[in-house]
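Read the figures in this text as sums done on the coordinates, not as results from a lab. Just so we're clear, the structure is a prediction, and the values are computed from it rather than from any experiment. In this analysis, Cβ positions are derived from the backbone assuming ideal geometry, glycine residues included, and neighbour counts consider all displayed protein chains.
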């Protein structure tokens, strides 16, 4: 029997486009004499549809178009497609199983996740029964065990869907998934599939969505293991793919395959690139503008933008004040030249001085009204006005040249965002963040990967070696030892380590106290940050739900 896993890139809300893609993949699968073709979870609607599921016409249209497509099916093939089903006002995360133009059955998701980025119990009802779907092939009947994503990840649930399907006579397990990417997740999935296959002695086909959706990245890399737990198929990562496997269902085995080589930096870089590329493509933007400071973050962001969109679609802007160093201008320009992008220089010193002149009298009036002495202003205001001017310039270029469909890509990294070491309405502006889930140390790692991949210095070595500085006043440098602070932030965000645990791990007590204070106070900033591409198990954004007003001390 030939089985195909169609890991497609669905777009949320584009029901017509998604169904068209499903039909195309079915036609291609049939040309390869495939018997069964399976698609990802909610392939018809895209994933996650979130509150679109409260739009009744959206839900009705997704089912109507799928059923119409099945009714017009000319190919004699079994298809399994994820969609949203409904009964009265109850919604179900569902899989339609059809043979030719006949709908054979509809299976519902049993386990509804409500952690991290998931909130499925908000929308869906769980399946009330778990049964294999029986389909005839020639003179033989095969029992298909249909699962949807979380149904496989059952460790924390009392119901074990795979075990139930196996006990009820399933000959093979199909899992339709929309599993968001994080670094190294391939190995987690592989172990889970192998454990389930060995326990049930059944082959398992796990088809995963691919593409970017808002902050999320779906990496594809669909997997199949035979009844012995051996890998028999693996899809391409970060690309659409039709993965075809010839399996002997009598003994549940197929030809083994070797997994591709693994590079953590390559995986991270490609994930962010896909997230940026799809965000632009699916929102209709064509060109990116990046504020380039000559530092490591903006240099890497420009590299990512070029990889995602092409050099002809990226604009680099350097905006010096009197505090900007000569080497910063030289480094920013060199990165732009190495990438072959348009580079614009816009000095901001005159704008800064205009701000001071315009605000001098109004500020004095406010001071007198509240009894403040002249010179009592916070000196940080003079620093913050610089990134705010820069942010305004980037946004104005983006807005003013509307025919070019320009979007600002934010350059801030995860460590800075965690600590609040960024300026609201300044260096935090942007339609999407490239590095908001990349730690400071990982920024350096990815920049080195860019150079290794290109086999030349795209990012000059001087940028790696110089001490990070925002250059907002004389002699200013970042007030952190990132070799200590960057992994500490990851321990706080991704592993939820308390102050006591961090100190026991060897972090200096005074640094822990300072970082925790900064971390908690910065929540209001993070709430206003642009969405960023998620590549770790825990990122800021859709899966981070911390209160802004928070008096809890850990």
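Okay, here's what the table says:
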quantity: Average silhouette area of region 341-412, convex hull of alpha-carbon atoms, in square nanometres; calculated: 6.8
quantity: Crossing angle, helix 440-454 versus the chain [Cα axis fit, 0-90 degrees, rounded to tens]; calculated: 70
quantity: Calculated FRET efficiency for the pair residue 264/residue 454, C-beta based, R₀ 22 Å, to 0.05; calculated: 0.75
quantity: Per-pair calculated FRET efficiency, R0 = 51 Å: residue 255 and residue 337 via Cβ, rounded to 0.05; calculated: 0.55
quantity: Segment residue 405-residue 140, extension gain: residue separation times 0.36 nm, minus the distance between their alpha carbons; calculated: 89.8 nm
quantity: Alpha carbon centroid spacing (whole Å) that separates region 420-459 from region 208-257; calculated: 31
quantity: Those residues of region 522-554 whose amide nitrogen sits under 11 Å from the label point placed on residue 424, 7 Å along Cα→Cβ; calculated: 522-529
quantity: Region 43-123 - convex hull of alpha carbons, volume per residue in Å³; calculated: 91
quantity: With eigenvalues of the C-alpha gyration tensor scaled by 5 and rooted, region 267-479, Å; calculated: 32, 19, 16
quantity: Additional length obtainable on full extension of the chain from residue 353 to residue 163, 0.36 nm per residue less Cα span; calculated: 61.4 nm
quantity: Ellipsoid semi-axes in whole angstrom, largest first, where each is sqrt(5λ) of the Cα gyration tensor of region 399-554; calculated: 27, 21, 16
quantity: Counting DSSP beta bridges with both ends in region 22-98, the antiparallel % (nearest 5); calculated: 75
quantity: Contact order relative to length of region 2-262, as percent, for alpha carbon pairs under 8 angstrom and 6 or more apart; calculated: 19
quantity: DSSP beta bridge pairing in the chain, given as percent antiparallel to the nearest 5; calculated: 55
quantity: Measure of compaction for region 42-189 (Cα Rg per 2.2 N^0.38 Å); calculated: 1.06
quantity: For region 2-262: rounded, prolate or oblate by the Cα gyration tensor [a/c cutoff 1.5]; calculated: rounded
quantity: Fraction of antiparallel bridges per DSSP, region 202-351 only, in percent to nearest 5; calculated: 60
quantity: Region 363-401-region 1-58 distance, computed between alpha-carbon centres (Å); calculated: 50
quantity: Cβ-derived FRET efficiency at R0 51 Å, residue 373 paired with residue 87, nearest 0.05; calculated: 0.15
quantity: Largest-first principal axis extents of the Cα set of region 371-433 (Å); calculated: 49, 29, 14
quantity: Interatomic Cα distance distribution for the chain, bins of 10 angstrom, percent; calculated: 3, 17, 24, 23, 17, 10, 4, 2, 0, 0
quantity: Estimated [θ] at 222 nm from DSSP helical runs (n ≥ 4, -39500 (n - 2.57)) normalised by residues in the chain, nearest 500; calculated: -12000 deg cm²/dmol
quantity: Calculated log₁₀ intensity ratio I(q)/I(0) where the Debye formula runs over C-alpha points of region 278-335, q = 0.14, 0.18, 0.26, 0.30 Å⁻¹; calculated: -0.40, -0.61, -1.01, -1.21
quantity: Region 61-212, relative contact order [Cα under 8 Å, separation at least 6], %; calculated: 16
